[in-house]
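Report on the structure given below.
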Amino acid sequence: MKKFIFSETVVTIFFLSLIAGLTYLPLIGQLGFYRDDWHVIWAGTTRGWQAIIDLHVIDRPFMGLVYGLTYLLLGNNPLAWQLYIFTLRLGSALAFLWLLRLLLPGQRLATALSAMLFLVYPGFLQMPTASAYQCHFSGFLSGILSLIFTILAARCESLRKRILFTIVSIFFAMVCFLMMEYMVGLEGVRLLLLLYLFYGRENTPPKPNIPQVLKKWLPNLIALIGFLFWRVFIFKSARSVTDIGALSREYLSQPGFMILRLAAETLKSFVDTIFLAWGVPLYNTTVTARYTDLLLSLCLALIGILGLSAYLQWWHKSSQASNEESLPSTKALVYLGGLATLSAILPVVLSNRQVQFENTFDRYTLPATIGAALFWMGLIFKTLKPKARNILLGGLLAAAIMTHINNTAYFRDLWTYQKQLWWQLVWRAPTLKQNTALLAMLPPGYRLGESYEIWAPANLIFYPRETSPQVAGEILNQKTLFEMKRQENLGRSVRRIEYILDYKNSLLVSIPQPGSCLHVIDGEWLELSADEDALVRLVAPLSQISMIETDQSQKTPPEIIFGQEPEHNWCYYYQKASLARQKEDWQEAVRLADEVLRAGLQPQDTSEWMPFFVAYARAQRFDDANVLASWLRDDQNFRHAYCEQFIWMRHSQKRIEYIISNLCPELLE
């Protein structure tokens with residue numbers, strides 16, 4: 001038993017699991033749902049898991065089936081999704097280790113270290129979007145398993161086993177390609193691995209000729225051709241990004257430009273995937289990180305280096321070190337890794353996409369991680385002595401851990417702002433009227449990117465029993481700005497989910513800056529924060545606060561998704577005072593104001609004193625109102641923007657006189 005526990009395989013698996021835990025688990029309990037997660041969560045909750053299949057029938061029907069079955073097991077628990085994708089990532093690394101050891105059976109240390117780089121590869125940062133991106137990892141893991149069974153078949157002397165392994169290999173390949181068609185580049189990786197197996201290593205058995213190698217690849221090639229024929233000529237995608245017919249027309253309309261683009265973007269994506277992935281994401285994730293998160297990531301990186309050092313010391317003290325052969329044909333490994341990277345990214349570039357370390361375009365590095373890890377293994381073991389090699393490996397490991405920890409911290413904060421948005425909205429708005437067009441703006445750096453990030457959670461909260469969206473949602477950007485200014489009425493369809501977006505029913509909400517509460521904009525009485533975004537200022541007069549139904553009971557967001565109700569701090573009282581003000585329940589608003597002052601609560605955003613100031617004024621408690629007015633006047637940017645509206649806005653004379661005498665004395669001159 002002791003011999004098994006301390007065997008090289010078990011120790012290596014433990015080491016990789018430790019590195020995975022350091023890299024991906026520290027903040028996992030603070031993550032939630034993001035981006036493409038939302039429309040799936042809404043459909044699964046309101047229509048059942050079968051609806052998830054229907055969402056994806058337009059572009060990836062098999063993925064929809066797997067996604068729906070996974071949702072059936074994991075439901076709406078964000079932690080379950082996070083743990084599931086963590087398991088898939090660790091499982092992919094262990095499968096990659098298996099693949100390498102089939103290729104290089106005498107190189108257990110080199111393959112273990114290469115699997116470590118594969119595991120922490122920092123060029124792919126979408127893991128926190130666990131619900132959506134578990135599909136990518138499911139497909140990727142299937143692709144690696146397919147490669148493994150191809151190598152097993154190629155090395156097998158038994159015809160029966162060779163046939164069985166080939167069938168299993170084809171099965172996993174089809175799962176991979178049906179999940180994510182952009183991973184078809186792994187088929188080129190398969191051919192490269194077969195060529196390396198028989199031609200790239202020293203002291204190999206008698207070498208077959210090229211036709212014999214191609215014969216071993218032929219069953220998988222035939223399966224790929226069958227998949228491509230179905231995908232190109234039979235299946236019709238309803239999404240432009242996966243519509244091969246539309247892509248073909250683009251190539252035919254401007255062939256010269258598209259060929260030039262293909263060459264340039266392939267080279268750029270190659271460099272990004274292999275080299276820049278270890279630096280650019282590190283900079284992007286740390287440049288605006290909190291000091292506490294930087295310190296945490298640095299500490300975990302140091303622990304990771306200590307773990308690597310302990311593993312290397314154990315290795316050199318064990319009997320494994322004496323049995324380790326020198327890495328054969330390291331130059332061939334560099335070529336293999338480079339060509340495998342090109343093969344994996346070429347379908348992406350052909351489809352008019354490219355690797356980018358922003359938004360979600362880094363997802364295209366995922367299948368190329370195999371090539372990148374092989375490239376670095378060959379490069380490091382070819383050019384560096386053991387001491388320098390270990391230092392470089394430690395540096396790459398530290399950079400990757402810091403990148404992932406700070407990336408996870410960003411998603412943690414994004415989830416915090418999303419929860420603030422929805423919990424504060426239910427405090428402020430007992431319910432939203434049907435056909436409300438809700439536009440939401442989060443703080444800079446944390447802006448939402450798609451409409452379903454708004455309408456899906458809004459309908460889960462306000463209309464949880466409805467199977468079609470009753471509240472529309474939209475992000476505010478350059479395009480939607482003009483749609484809102486024109487007060488358009490538009491039909492929307494997201495993966496066959498249809499709803500009407502009527503900008504005449506717009507309700508605009510915003511969290512202007514970190515530390516601000518959610519501001520529900522009243523277009524007839526503008527009280528915009530000094531930190532408010534310019535886009536919000538442009539359309540704020542169009543926000544219809546009447547879309548809030550004030551006479552309903554407060555809704556409760558589903559706890560399994562949004563967590564427990566937050567502490568009743570300043571923002572709770574601000575939202576409740578704003579609601580009381582809208583209802584003209586001045587007694588309740590004054591009670592809240594008194595409670596806030598007794599508790600010593602204060603906002604970080606001065607404009608948030610306004611509902612309390614107005615409440616005191618309406619209750620004719622002018623001394624208390626004047627105190628709050630003095631604090632409001634101290635924020636000159638807020639005061640000037642606030643007072644400007646009275647040049648063109650029409651309100652009751654009594655209201656104007658009081659505001660002029662307290663906040664806008666220059667208008668009396």
Quiz item: How many nm separate the modelled label positions at ARG621 and GLU157, each set 7 Å beyond the Cα in the direction of the Cβ?
Solution: 9.3 nm
Quiz item: Ranked highest first by the average count of other Cβ atoms within 10 Å around their residues, in what order do 341-352, 453-464 fall?
Solution: 453-464, 341-352
Quiz item: Which of the peptides 23-29, 38-44 is most tightly packed, and how do the rest follow, judged by the mean count of other Cβ atoms within 10 Å per residue?
Solution: 38-44, 23-29
Quiz item: With θ set to phi - 60° and the Karplus curve 6.51 cos²θ - 1.76 cosθ + 1.60, what are the ³J(HN,Hα) couplings of region 287-297 in order, to the nearest whole Hz, using x for Gly and Pro?
Solution: 5, 10, 6, 5, 4, 5, 6, 4, 5, 4, 5
Quiz item: Binned at 10 Å from 0, what are the whole-percent values of the Cα-Cα distance distribution for the chain, short to long?
Solution: 3, 14, 22, 22, 16, 11, 7, 4, 1, 0
Exercise. Kindly state, to the nearest 0.05, the FRET efficiency for GLU588 paired with ILE500, given R0 = 51 Å and r defined as their beta-carbon distance.
Key: 0.90
Quiz item: What is the extension gain from ALA80 to THR360, computed as 0.36 nm multiplied by their sequence separation minus the C-alpha to C-alpha distance, in nm to one decimal?
Solution: 98.6 nm
Quiz item: Structure shown: which of LYS419/LYS479; LYS215/LYS382; LYS479/LYS583; LYS161/LYS382; LYS504/LYS583 lie over 29 Å apart, alpha-carbon to alpha-carbon?
Solution: LYS215/LYS382; LYS479/LYS583; LYS161/LYS382
Exercise. Using Cβ-Cβ distances only, list the Cys residues of the chain with no partner cysteine under 4.7 Å, sorted by number.
Key: CYS135, CYS156, CYS176, CYS299
Quiz item: Could you give me the ³J(HN,Hα) list for region 614-622, computed from phi with Karplus coefficients 6.51, -1.76, 1.60 and θ = phi - 60°, whole Hz, x at Gly and Pro?
Solution: 5, 4, 5, 5, 5, 8, 6, 9, 5
Quiz item: R0 = 30 Å: FRET efficiency of SER7 with THR383, Cβ-based, nearest 0.05?
Solution: 0.45
Quiz item: chymotrypsin sites (Phe, Trp or Tyr not before Pro), restricted to region 45-84: which are DSSP loop and have at most 10 other Cβ atoms within 10 Å?
Solution: none
Exercise. Would you mind calculating the gained length between PHE275 and ASN209 on full extension (0.36 nm times residue separation, minus the Cα-Cα distance), in nm to one decimal?
Key: 20.3 nm
Practice problem: Provide the gained length on full extension for the span SER661 to THR87, in nm with one decimal, where the gain is 0.36 nm per separating residue minus the Cα-Cα distance. | Solution: 200.3 nm
Practice problem: Would you work out the charge dipole size for region 2-412 about its Cα centre, treating the Cβ of every Lys and Arg as +1 and the Cβ of every Asp and Glu as -1, and quote it to the nearest 20 debye? | Solution: 960 debye
Practice problem: Enumerate the amide H contacts of GLY473 below 5 Å, restricted to partners 5 or more residues apart or on another chain; note that Pro and chain-start residues carry no placed amide H. | Solution: LEU438, TRP455
Self-check item: Within-11-Å neighbourhood charge of ASN637 [Cβ basis; K, R +1; D, E -1]
Solution: -3
Quiz item: Based on the Cβ-Cβ distance from TRP314 to ALA263, what FRET efficiency comes out when R0 is 60 Å, to the nearest 0.05?
Solution: 0.80
Self-check item: SER630-ARG492 pseudo-label distance in nm [points 7 Å out on the Cα-to-Cβ vector]
Solution: 4.7 nm
Quiz item: Which trypsin sites (Lys or Arg not before Pro) from region 458-538 combine a DSSP loop assignment with at most 15 other Cβ atoms within 10 Å?
Solution: ARG465, ARG486, ARG496
Quiz item: Got a sec to turn the phi values of region 488-500 into Karplus ³J(HN,Hα) couplings, 6.51 cos²θ - 1.76 cosθ + 1.60 with θ = phi - 60°, whole Hz, x for Gly and Pro?
Solution: 6, 10, 10, x, 10, 9, 10, 6, 6, 9, 10, 7, 9
Self-check item: Ranked by how many other beta carbons lie within 10 Å on average, peptides 605-615, 277-287 from highest
Solution: 605-615, 277-287
Quiz prompt | Amide H within-cut-off set for HIS519, under 5 Å, with H built and near neighbours excluded | solution = SER510, ILE511
Quiz item: For helix 586-599, what angle does its Cα long axis make with the longest principal axis of the chain, in degrees from 0 to 90 and rounded to 10?
Solution: 60 degrees
Quiz prompt | Tensor-based shape of region 107-149 (alpha-carbon gyration tensor, a/c under 1.5 rounded, otherwise prolate or oblate) | solution = oblate
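Read-outs throughout are calculated quantities, based only on the coordinates presented, and are distinct from any laboratory measurement. Predicted model, so just to flag it, every value in this text is computed and none were measured. As a convention, Cβ positions derive from the backbone with ideal geometry for all residues, glycine included, and neighbour counts pool all protein chains shown.
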